[in-house]
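The next block holds one structure in the form of structure tokens; read it before the comments.
The values are calculated or read from the model by the stated rules, or taken from the named source; none is laboratory data. All values derive from a computational prediction rather than experimental measurement. Backbone-built Cβ (ideal geometry, glycine too); neighbour counts: all protein chains shown. SASA here: full protein model, heavy atoms, side chains in, ligands and nucleic acids out. Shrake-Rupley method; radii C 1.70, N 1.55, O 1.52, S 1.80 Å.
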Amino acid sequence: MSDVREVNFDGLVGPTHNYAGLAHGNVASMRHGGLESNPREAALQGLAKMKALQEAGFAQGVLPPQQRPDLGALRDLGFSGSNAQVLERAAREAPQILRAVCSASSMWTANAATVTPSRDAGDGRVHFTPANLQSSFHRFLEPQTTGRVLAAIFRDGARFAHHPALPATPAFSDEGAANHTRLCGDHGEPGVHLYVYGRQAFGGQQQPRRFPARQTLEASQAIARQHGLRDAQAVFAQQHPDAIDAGVFHNDVIAVGNGPVLLYHEMAFLEEEKTLEELRARMATPLIPVRVPTQAVSLDDAVSSYLFNSQLLSDPDGSGAMTLVVPGECQENEAVWRVVQDLLLGGNNPINDVVVKDVKQSMRNGGGPACLRLRVVLSEAERSGLTGRVLLDDGLHGDLAAWVEKHYRDRLTPEDLADPQLAEETLAALDELTRILEVGSVYPFQLG
């Protein structure tokens, strides 16, 4: 059995978790904008999911949240004075900007970066490119800190390679691993990389009409080049524009892959058969497509339940069996739950177990179990080369849960974001967190 394992690095939900409705095209985020959130519950729900998977034998890591509110961004936009004065003026003159600089959206680490394992890269290193997230202001603020965090944890230059985020322009709009899937046999075997894009910047392909397409073909191609992938290792497929218009803002809302299995909705790809044919032609292991037809699950049900934003994981025993980790909303939707029981568990595929997890605080902002994690395939030597205390065990989980209970509020409204005390609480919490995780100084306030 190979010593190569996929580690899911989940993003800790930040202390400013709120429902500001910032993400245009994300139906859940738009629907819940302005409601009261519970940051403490959100963070504990995320930790509970991590702990359950770690106890089941899956490799589980942790990534810290961003520094929020981003007072530096407010000052760059012309708000001046003390922290309290900056927050007060922003709340009065530009409340939507204040909400943006307080967003806890980095919890969805599927958007943090795109990762290529050392097994696939020409130089034998694990490659990282932080996503530029230029499609929305609140996420555009993330890449610099994300890059510092990844470089702090994956520090060994002999094992890990870090690339700059792509130019933050519409032509190279990049949303990270939410639009990238690696398909293979065992995780240690060579993989084929499926990059899914919504539009072509320098071309005239069909595009969505209602909501924006966030990933470009040009961005996906640039990342493949950065990571040294050959043409035979990559497939580029366009997401179906009708799916984007239905609220499928990332490919991981309509498809999920693991090993040789690709679980997808029939409306996932504009050219379904061509995409499957290209994958089959490049993969050394036979592709196992698991297709969910619209007749069984409508696009609306797919978006509301986040069936495809589930985690598909290879069981730790090396048997080839897989576990699907779904949000509770799947169980609450009769049509979706029927598909889970009949098509997935009862079908001719490796999925033999379904685990239901409550991540409602995240779901209300449009992020399910798969949004909350960045997948990093690592050998035993690469895992031993990580810097910091970021692989979850009982001790780290206990310390993080206690940290959340100590620092997080149990209610937060958009109006609370102007409270200067919240900003002070957050900085104190993050300073303590970097000591718990032993990652050093990664935040702007720590770097001066």
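Determine, yes or no, whether TYR443 is under 21 Å from PRO130 (Cα atoms) and aromatic (Phe, Trp, Tyr). Spell out how you get there, then give the answer.
Details: under 21 Å from PRO130 (Cα atoms): yes; aromatic (Phe, Trp, Tyr): yes.
Yes, satisfied.
Quick one: which strands (runs of 3 or more DSSP E) sit completely within region 225-307 and have at least 2 residues that are buried (at least 22 other Cβ atoms within 10 Å of the Cβ)? Please lay out each step first, then the result.
Numbers: elements: 234-238, 255-258, 261-265, 288-292.
In region 225-307, the matching strands (runs of 3 or more DSSP E) lie at 234-238, 255-258, 261-265.
If a residue has to be of a type outside the set (Ser, Thr, Tyr) and either touching a Cys at 6+ places or on another chain (Cβ under 9 Å) or open to solvent by 30 Å² or more (accessible area, probe 1.4 Å) (or both) to count, how many in region 79-114 make the cut? Quick ask: steps written out before the conclusion?
The initial filter retains those residues of region 79-114 that are of a type outside the set (Ser, Thr, Tyr), namely 79, 81, 83-102, 104, 107-108, 110-113.
Now narrow it down to the ones that are either touching a Cys at 6+ places or on another chain (Cβ under 9 Å) or open to solvent by 30 Å² or more (accessible area, probe 1.4 Å) (or both): 81, 83-85, 88-89, 91-93, 95-97, 99, 107-108, 110-111.
Count: 17.
Suppose we filter region 180-224 for residues that are in contact (Cβ under 8 Å) with a residue 12 or more places away in the chain, assigned to a loop (DSSP other than H, G, I, E, B), farther than 18 Å from PHE249 by Cβ and small (Gly, Ala, Ser); how many remain?
Final tally of qualifying residues: 4.
Considering each of PHE236, PHE249 in turn, give the residue that is within 16 Å of ARG182 (Cα to Cα) and under 23 Å from the mean Cα position of the chain (by Cα).
Values: PHE249 fails: within 16 Å of ARG182 (Cα to Cα).
Result of the check over PHE236, PHE249: PHE236.
Say whether the condition of being over 24 Å from GLU6 (Cβ atoms) and of a type in the set (Asp, Glu) is met by at least one residue in region 211-231.
yes
Out of (1) surrounded by fewer than 21 Cβ atoms within 10 Å (Cβ to Cβ); (2) outside any helix (DSSP H, G or I), what's the single condition that is false for ALA152?
All conditions are met except number (2).
Here are the criteria: (1) touching a Pro at 6+ places or on another chain (Cβ under 8 Å); (2) among the small types (Gly, Ala, Ser); (3) under 23 Å from GLN54 (Cα atoms). Tell me which single one GLY318 does not satisfy.
(1)
Being outside any loop (DSSP other than H, G, I, E, B), modelled with pLDDT of 90 or more and either of a type in the set (Val, Ile, Thr) or closer than 26 Å to LEU71 by Cα (or both) is the filter here; which residues of region 1-36 pass it?
Pass one, region 1-36, residues outside any loop (DSSP other than H, G, I, E, B): 5-11, 27-32.
From the residues that got through so far, the ones that are modelled with pLDDT of 90 or more too are 5-11.
Across region 1-36, the qualifying residues are VAL7, ASP10, GLY11.
Between a first residue in region 132-156 that is under 28 Å from ALA381 (Cβ atoms) and a second residue that is in a helix (DSSP H, G or I) and of a type in the set (Ser, Thr, Tyr), which pairs have beta carbons less than 8 Å apart while being 6 or more apart in sequence or on different chains?
What qualifies is THR145/SER106; THR146/SER106.
Tell me the helices (runs of 4 or more DSSP H) entirely within region 339-419 that contain at least 1 residues that are surrounded by fewer than 16 Cβ atoms within 10 Å (Cβ to Cβ) and basic (Lys, Arg). Talk me through it step by step, then tell me what you get.
Numbers: elements: 360-363, 380-384, 394-407.
Hits in region 339-419: 360-363, 394-407.
Name the single residue, out of those in region 312-329 being out of contact with any strand residue (DSSP E or B) (no Cβ under 7 Å at 6 or more places or on another chain) and farther than 12 Å from GLY259 by Cβ, that is surrounded by the most Cβ atoms within 10 Å (Cβ to Cβ).
Step one: list which residues in region 312-329 are out of contact with any strand residue (DSSP E or B) (no Cβ under 7 Å at 6 or more places or on another chain), which gives 316-320, 329.
Then keep just the ones that are farther than 12 Å from GLY259 by Cβ; that gives 316-317, 329.
Working: PRO316: 13, ASP317: 9, GLU329: 22.
If we take residues in region 312-329 being out of contact with any strand residue (DSSP E or B) (no Cβ under 7 Å at 6 or more places or on another chain) and farther than 12 Å from GLY259 by Cβ, then GLU329 is surrounded by the most Cβ atoms within 10 Å (Cβ to Cβ).
If the requirement is being within 30 Å of ARG119 (Cα to Cα) and hydrophobic (A, V, I, L, M, F, W, C), which of these qualifies: LEU345, LEU372? Show your work before the answer.
Values: LEU345 fails: within 30 Å of ARG119 (Cα to Cα).
Unique residue meeting the criteria: LEU372.
Every residue in region 433-444 that is surrounded by 14 or more Cβ atoms within 10 Å (Cβ to Cβ) and not polar (S, T, N, Q), please. Please lay out each step first, then the result.
Residues of region 433-444 that are surrounded by 14 or more Cβ atoms within 10 Å (Cβ to Cβ), as a first pass: 433-434, 436-437, 439-440, 442-444.
Of everything in region 433-444, those that are surrounded by 14 or more Cβ atoms within 10 Å (Cβ to Cβ) and not polar (S, T, N, Q) turn out to be LEU433, ILE436, LEU437, VAL439, GLY440, VAL442, TYR443, PRO444.
Among what's in region 155-177 and is part of a loop (DSSP other than H, G, I, E, B) and among the small types (Gly, Ala, Ser), pick the residue that is most open to solvent (accessible area, probe 1.4 Å). Walk me through how you get there before you give the answer.
Of all residues in region 155-177, those part of a loop (DSSP other than H, G, I, E, B) come to 155-159, 163-169, 173-175.
Of the ones still in play, those that are also among the small types (Gly, Ala, Ser) are 157-158, 165, 168, 173.
Details: GLY157: 45, ALA158: 79, ALA165: 40, ALA168: 53, SER173: 0 Å².
In this case the residue turns out to be ALA158.
Of the conditions (1) outside any loop (DSSP other than H, G, I, E, B); (2) among the charged types (D, E, K, R); (3) more than 18 Å from the chain's Cα centre (by Cα), ASP120 satisfies every one except a single condition; which number is it?
Unmet condition: (1).
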